[in-house]
Amino acid sequence: MDLFAGIDCLVLVDAAKSGAKAGTVHRLDASQSPLPKGFFHYSTHLFGPAEAVEMARMLNRLPPMVRIFAVEGKDFAHGEGLSPSVKRGAKIVEKEIRDLFAEIIPPR
Amino acid sequence: MTSRTAKAKSAPKKPTKNTAKKAPAKKGGSHTTTIKVDALARVEGEGALTVRVKDGAIKEVKFRIFEPPRFFEALLKGRSFSEAPDITARICGICPIAYMMGASQAMEDALGLEVTGTLRDLRRLVYCGEWIESHVLHAAMLHAPDFLGLDDALLIAKKNPELVEKALRLKKLGNTILETVGGRAVHPVNLKVGGFYGIPKRDAVRGLAAELKWGITASAEIAKAFAGFDFPDFNYDYTCVSLRHPDEYAICEGNIVSNRGLDIPVKDFLHHFEEEHVAHSNALQGRTKKTRQPYLTGPIARYNNNFDQLSPLAKETARAIGLPRIVTNPFQSILVRMAETLYACEESLRIVENYEEPTAASVVVTPKKGEGHGCTEAPRGICYHTYRLDNQGLIEKAVIVPPTAQNQKQIEKDLWGVVEKNMHLGQEALTWRCEQTIRNYDPCISCATHFLKLTIERE
């Protein structure tokens with residue numbers, strides 16, 4: 001929360017575990033509505049991106065624009081690298097974030 | 001937060017991802033009830049719990065750690081002594097200093113080095129930072145919800161945003177100390193065998209003073225808020241094991257003592273304590289060597305053994321929040337953690353206000369053959385390291401005994417007693433109470449496996 005204090009737009013990227021097909025790209029606008037619980041892969045702390053955003057909302061610390069991109073994961077076991085479908089989803093997210101910034105950041 | 005609030009909210013909720021079912025009655029009148037907690041929540045790492053009850057009597061309690069073993073002791077073999085602090089720091093993201101300091105001290109012992117003066121003070125300061133961020137994270141975000149009958153800290157933020165803001169700011173203070181002295185808020189990079197890589201700047205260290213003064217007040221306020229919780233009635237005559245130092249509330253240095261009369265140098269740890277591998281856990285379980293009994297390490301053990309060395313304000317706050325001189329109720333560990341947080345803020349302030357940059361960032365280190373021992377007070381209790389080095393300073397043998405591994409048997413004992421005392425509760429309420437009992441220990445399961453699934457079967 002301290003990292004996004006005082007900014008205009010927050011973009012979060014994370015893995016999702018919603019039950020959708022692996023590699024699916026989820027786009028959430030947290031400015032408009034609360035994030036779904038149980039959507040992101042959790043550690044045993046049970047405190048993930050959704051909880052961090054909702055905590056910030058409760059404490060009036062949420063930036064005006066909050067966009068979340070989540071790629072549905074395939075395999076959450078220990079290991080290295082991304083599954084091919086997830087890698088493709090990540091590439092899509094990368095492009096969409098660049099497009100978003102091109103849209104909202106005025107040219108110099 | 002008042003006990004009135006706590007009592008009103010203490011009705012347990014159905015644990016998430018849990019199921020509770022009652023098996024059909026067997027012939028002869030006895031029946032089996034099974035509660036499953038898929039994974040113990042609001043702890044660090046993966047663990048579960050099984051309790052078997054037959055005809056109203058507990059037959060078995062198993063605190064199962066199924067997080068995979070992490071083999072750090074094996075990873076260290078063949079590595080240089082200088083790599084041990086940074087490698088062992090990866091055992092834990094919330095208590096890396098405990099591992100860096102234990103490893104550094106053990107290596108310094110092996111190499112015949114001593115770190116004194118300002119470098120020693122800086123080590124104590126960065127360790128205080130770790131106590132602050134770890135204790136506050138656990139007390140406010142992971143444990144407090146239990147006492148309020150809430151699933152998580154998010155719901156506390158809804159009811160009492162000022163308290164959560166205070167806790168978050170206090171936790172951040174701890175991480176800022178780690179960043180200022182250690183170079184990074186998580187897994188600090190500035191600590192090494194013999195001292196530090198770079199000397200922390202005077203302005204940066206002294207600049208922590210204002211926030212530390214606020215931290216002292218905030219710790220006391222949070223402690224007083226938590227004092228209103230409804231603490232379940234359970235007491236145990238613990239064998240309390242901690243460090244004790246002649247001149248200060250022990251954090252980084254001291255002998256290993258117990259309330260049963262033990263007083264030994266760190267190098268004798270393995271003569272008095274041992275680890276046992278049990279079938280139901282991937283983490284070794286600690287016990288005393290002579291009597292093969294469980295023991296307690298951590299905030300309550302430190303408090304009970306070293307209360308006289310706390311600051312006057314910490315002692316006064318402890319009394320004000322209802323802590324007895326000797327704490328025997330593990331549910332009060334949340335209060336002890338806040339008293340220690342207050343002390344850590346005071347101690348940090350003392351160090352930063354007097355800080356002058358040392359002339360050298362570390363003592364000169366020359367690798368050689370040797371064997372050394374180190375033990376410090378991680379937030380969760382004593383964390384022991386021993387290493388054997390060859391004549392090039394490469395590690396031939398490493399043994400690391402984290403506090404959560406040492407506490408496992410005592411956790412099971414506590415659970416036994418808590419279940420025995422609360423058999424009258426329904427399955428869901430008892431499950432909640434058992435999870436709360438485990439969270440009394442702020443267990444770092446990830447640490448314990450360096451090397452809540454709750455099943456209660458009533459027959």
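The values are calculated or read from the model by the stated rules, or taken from the named source; none is laboratory data. Computed from a predicted structure; not experimentally measured. Here Cβ is always computed from backbone atoms with ideal geometry, including for glycine, and neighbour counts include all displayed protein chains. With ligands, DNA and RNA removed, areas are computed over all heavy atoms of the protein, side chains included. Shrake-Rupley method; radii C 1.70, N 1.55, O 1.52, S 1.80 Å.
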note = Taking segment B:242-285 and keeping residues surrounded by 22 or more Cβ atoms within 10 Å (Cβ to Cβ) and in a strand (DSSP E or B) leaves B:Ser242, B:Leu243, B:Ile256, B:Ser258, B:Phe273, B:Ser281, B:Gln285
inquiry  = Among the residues in segment B:55-67, are any within 14 Å of another protein chain (Cβ to nearest Cβ), outside any strand (DSSP E or B) and modelled with pLDDT under 80?
reply    = yes
ask   = Scanning for something outside any helix (DSSP H, G or I) and surrounded by fewer than 24 Cβ atoms within 10 Å (Cβ to Cβ), does segment B:127-143 turn up at least one residue?
value = no
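This table checks each residue for (1) in a loop (DSSP other than H, G, I, E, B); (2) under 30 Å from B:Leu415 (Cβ atoms); (3) more than 14 Å from chain A (Cβ to nearest Cβ).
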position: B:Ile156; (1), (2), (3): no, yes, no
position: B:Val164; (1), (2), (3): no, yes, no
position: B:Lys171; (1), (2), (3): no, yes, no
position: B:Ile199; (1), (2), (3): yes, no, yes
position: B:Asp203; (1), (2), (3): no, no, yes
position: B:Ala210; (1), (2), (3): no, no, yes
position: B:Trp214; (1), (2), (3): no, no, yes
position: B:Pro232; (1), (2), (3): yes, yes, yes
position: B:Asn235; (1), (2), (3): yes, yes, yes
request  = Go through (1) touching a helix residue (DSSP H, G or I) at 6+ places or on another chain (Cβ under 6 Å); (2) closer than 30 Å to B:Gly374 by Cβ; (3) not aliphatic (A, V, I, L, M) one by one and return the number of the condition B:Tyr238 breaks.
outcome  = (1)
request  = Write out, first by first residue and then by second, each pair whose Cβ atoms fall under 6 Å of each other, whose residues are 6+ apart or on separate chains, and whose first residue, in segment A:47-67, is more than 9 Å from every other protein chain (Cβ to nearest Cβ) while the second is surrounded by fewer than 19 Cβ atoms within 10 Å (Cβ to Cβ) and of a type in the set (Gly, Ala, Ser).
outcome  = A:Met65/A:Ser31; A:Val66/A:Ser31
request  = Being within 15 Å of A:Leu59 (Cα to Cα) and crowded, with 17+ Cβ neighbours inside 10 Å is the filter here, so list the residues in segment A:1-18 that pass it.
outcome  = A:Phe4
task = Give segment B:296-316 a look and list any residue that's surrounded by fewer than 24 Cβ atoms within 10 Å (Cβ to Cβ) and over 20 Å from B:Pro232 (Cβ atoms), or say none.
result = B:Asn305, B:Asn306, B:Phe307, B:Asp308, B:Gln309, B:Leu310, B:Ser311, B:Pro312, B:Leu313, B:Lys315, B:Glu316
ask   = surrounded by fewer than 21 Cβ atoms within 10 Å (Cβ to Cβ) and modelled with pLDDT under 95: does that describe B:Leu430?
value = no
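Select from segment B:353-380 the residues that are part of a strand (DSSP E or B) and more than 18 Å from B:Leu191 (Cβ to Cβ) and write down the one among them that is most open to solvent (accessible area, probe 1.4 Å).
Of the residues in segment B:353-380, the ones part of a strand (DSSP E or B) are B:362, B:370-378.
Subsequent filtering for residues that are more than 18 Å from B:Leu191 (Cβ to Cβ) retains B:370-371, B:373.
Working: B:Gly370: 18, B:Glu371: 108, B:His373: 40 Å².
Looking at residues that are part of a strand (DSSP E or B) and more than 18 Å from B:Leu191 (Cβ to Cβ), I get B:Glu371.
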ask   = Is it the case that B:Ile91 is at pLDDT 95 or above and of a type outside the set (Ser, Thr, Tyr)?
value = no
key: Qualifying positions in segment A:67-108 - touching a His at 6+ places or on another chain (Cβ under 6 Å) and within 10 Å of A:Thr24 (Cα to Cα)   = A:Ala70
inquiry  = Let me spell it out: the conditions are (1) closer than 25 Å to B:Asp230 by Cα; (2) within 14 Å of another protein chain (Cβ to nearest Cβ), and B:Ile132 meets all of them except one. Which number is the exception?
reply    = (2)
remark   = Filtering segment B:82-99 down to residues that are among the aliphatic types (A, V, I, L, M) and more than 15 Å from B:Glu133 (Cβ to Cβ) yields B:Ala84, B:Ile87, B:Ile91
ask   = Somewhere in segment B:288-299, is a residue farther than 17 Å from B:Asp237 by Cβ, modelled with pLDDT of 95 or more and not aliphatic (A, V, I, L, M)?
value = yes
ask   = Across segment B:381-419, which residue is surrounded by the fewest Cβ atoms within 10 Å (Cβ to Cβ) among those that are under 17 Å from B:Thr328 (Cα atoms) and out of contact with any helix residue (DSSP H, G or I) (no Cβ under 8 Å at 6 or more places or on another chain)?
value = B:Trp416
